[in-house]
Amino acid sequence: MIRDSIRTDAYARALRECITPDSVVLDMGTGVGIWALLACQYGARTVYAVDPNNVIQVAREFAVANGYGDRIEFIQDMTTRITLPKPADLIVTEMHGILPLFEQNIASIIDARSRLLAPGGRIIPEKETLWAVPVEAPVSYDQFVLPWRDNSYGLDMRRALRYTTNQWRRPKDTVTPAQFFAEPACWATLDYRILESVGVMGGATWTAARAGTGHGVVVWFDTCLLEGVGFSNAPGAPELIFANGFFPWPEPVSISAGDKISVELRADLFGHDYFWSWETVVLEQGRAKKVKAKFKQSTILGVATSSANFHKRAHEYVPKIDEDGQVERFVLSLMDGQNSIERIAAQTVAQFPKRFSDLNDALTLAADLSERYSA
C-alpha cells in the first residue's frame, strides 16, 4: 500500500497541510505507522498510533529508527476501547477495503470523532463519494457463473448460481469507461465530519446510451482528504491498490439504447462486517409496463448455511451451550490473575479428559484465549 504513490502522496500532502507544531494526532489503524511517522516528520507534537494487530510492533521499530520514539505513543487496541490523555486535533485513518464500508471502519470513525477529537478538530479523509454505473463485463461476470453454468462433465450445478451471483468482488479484468452503458452516477456520500449512521443506502437511474449485454454494476469511491486533495479508484483513473467492486446480476440482460436502468444499493452493518443488497430494474425504452429485468440480490443470500444455523440466530431461540463452549467457559473462569497457562491447561485436561488427547492441545487453547482476553 505504501508503494501506491498516488494514495500515499495524497495522504502525505493532506498531513503536511494540516499539521502544526502544536498538533496532537490520532492515527487510527496505524499498521506499520506510515501516517504516524509522516505526522512527526511534518512537526506534530504528539501522535497516538492505535492498532489492535501485532503489526504495530513493526511500527514501534520504525519510530525508533526514525528518531520519533519519544513523540509517538503506540496503543495496541481498538480505538473504541481507549481514551486519550489529550484530545486529538487531527484524526487520520484509512481502514477500508475495496469500498469504504468495510468491517467496523465507519463505526470506529464515528466513535473517535465524538470522543477523541478536540472541538474544531479535523479528520482525514473528510468525505468519500460512492459511484456506480451498469456495465458490460463478460470476463468479470464469468468468475461468478463458471463452472456452475457450464462444465465439461455433464453435471447440473446451476443451483450454485443462487449463491455466487449474490456476492460481489473486485472485477476479474480491468473495467474501462468503454464498458459503461451511461455516465456514472453518485449514489451516496460519506461525510465523516458529520456522519452518524453506519449504514448506507441510495440509488441511481440511467438511460442506456448504447446497446449491448449488461452483466451488473461497478461501484467505486472518490476520496476527499482535504479540499482539493484526494484520489479515486474509478475505472479509467490511474490504478490504485484498491480495485472497483463488481456487483453481478443473476443473468445477463440485453440492453438497447434508450432503456432505463435503475439500481438501489444498500449496505448494513451486522456484527463485524457489512451485508450488501442491490435491486435492479431494467425498463425497455423507459416504459413502466415493459420490464426487461427485475432482480433483488443480497450477500445474505450468498451465504451457504444450514437452516439450523439460521434458526439458532432467531430472537426466540433458547440456546444451550455445547461442549466446546463449556470448555472455553471453564478456561476463562480460571483466568483470575492467579493461575498460569500451564496450570489452567492441566486443570482443563482433568476436567475434560475425553476432550483433549494430550496437554499440548489444552495449552494451545488456553494460550489462544489468553491472547484474546487477558489484560
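The values are calculated or read from the model by the stated rules, or taken from the named source; none is laboratory data. Everything quoted here is computed from the prediction, not taken from an experiment. As a convention, Cβ positions derive from the backbone with ideal geometry for all residues, glycine included, and neighbour counts pool all protein chains shown.
What to note about this one:
- Residue 126 touching a Cys at 6+ places or on another chain (Cβ under 7 Å) and closer than 25 Å to residue 202 by Cα: yes
- Residue in region 342-356 that is at pLDDT 95 or above and part of a loop (DSSP other than H, G, I, E, B) present: no
- Answer residue from region 96-115, given it is surrounded by 19 or more Cβ atoms within 10 Å (Cβ to Cβ) and of a type in the set (Val, Ile, Thr) and is farthest from residue 192 (Cα to Cα) among those: 98
- Failed item, numbered, when residue 171 is tested on (1) in contact with a helix residue (DSSP H, G or I) (Cβ under 6 Å, 6 or more places away or on another chain); (2) without any contact (Cβ under 8 Å) to a residue 40 or more places away in the chain; (3) within 28 Å of residue 223 (Cα to Cα): (2)
- Subset of region 57-70 (residues that are more than 12 Å from residue 31 (Cα to Cα) and buried (at least 18 other Cβ atoms within 10 Å of the Cβ)): 63, 68
- The residue pairs whose first member lies in region 132-153 and is within 20 Å of residue 299 (Cβ to Cβ), whose second member is aliphatic (A, V, I, L, M) and in a helix (DSSP H, G or I), and whose beta carbons are closer than 6 Å, counting only pairs six or more residues apart or on different chains, are 148/160; 148/161.
- Within the option set 93, 83, 79, being assigned by TED's automatic domain parsing to the domain that holds residue 44, surrounded by fewer than 19 Cβ atoms within 10 Å (Cβ to Cβ) and under 26 Å from the mean Cα position of the chain (by Cα) holds for one residue only, 83.
- Residue match in region 220-242 (condition: acidic (Asp, Glu) and farther than 30 Å from residue 9 by Cα): no
- Residue in region 203-221 that is closer than 26 Å to residue 107 by Cβ, surrounded by fewer than 21 Cβ atoms within 10 Å (Cβ to Cβ) and within 18 Å of the chain's Cα centre (by Cα) present: no
- Consider region 342-359 and keep the residues that are surrounded by 11 or more Cβ atoms within 10 Å (Cβ to Cβ) and free of Cβ contacts under 8 Å to residues at least 12 places away in the same chain. The one that is nearest to the chain's Cα centre (by Cα) is 356.
- Some residue of region 116-126 being buried (at least 18 other Cβ atoms within 10 Å of the Cβ), closer than 26 Å to residue 183 by Cβ, in contact (Cβ under 8 Å) with a residue 40 or more places away in the chain and not basic (Lys, Arg): yes
- Residues (in a loop (DSSP other than H, G, I, E, B) and exposed (fewer than 12 other Cβ atoms within 10 Å of the Cβ)) located in region 325-341: 336, 337, 338, 340
- Test result for residue 334, more than 30 Å from residue 161 (Cα to Cα) and modelled with pLDDT of 95 or more: yes
- Tally, over region 150-192, of residues that are part of a loop (DSSP other than H, G, I, E, B), at pLDDT 90 or above and charged (D, E, K, R): 3
- Residue 92 fulfils the conditions (1) out of contact with any Cys (no Cβ under 8 Å at 6 or more places or on another chain); (2) in a strand (DSSP E or B); (3) farther than 22 Å from residue 242 by Cβ except for a single criterion, (3).
- When region 308-334 is limited to residues that are of a type in the set (A, V, I, L, M) and out of contact with any Phe, Trp or Tyr (no Cβ under 7 Å at 6 or more places or on another chain), the one that is nearest to residue 369 (Cα to Cα) turns out to be 331.
- From 47, 58, residue being touching a Cys at 6+ places or on another chain (Cβ under 7 Å), modelled with pLDDT of 95 or more and at negative phi: 47
- Residue check for residue 9: under 19 Å from the mean Cα position of the chain (by Cα), at pLDDT 95 or above and either assigned by TED's automatic domain parsing to the domain that holds residue 119 or not polar (S, T, N, Q) (or both): no
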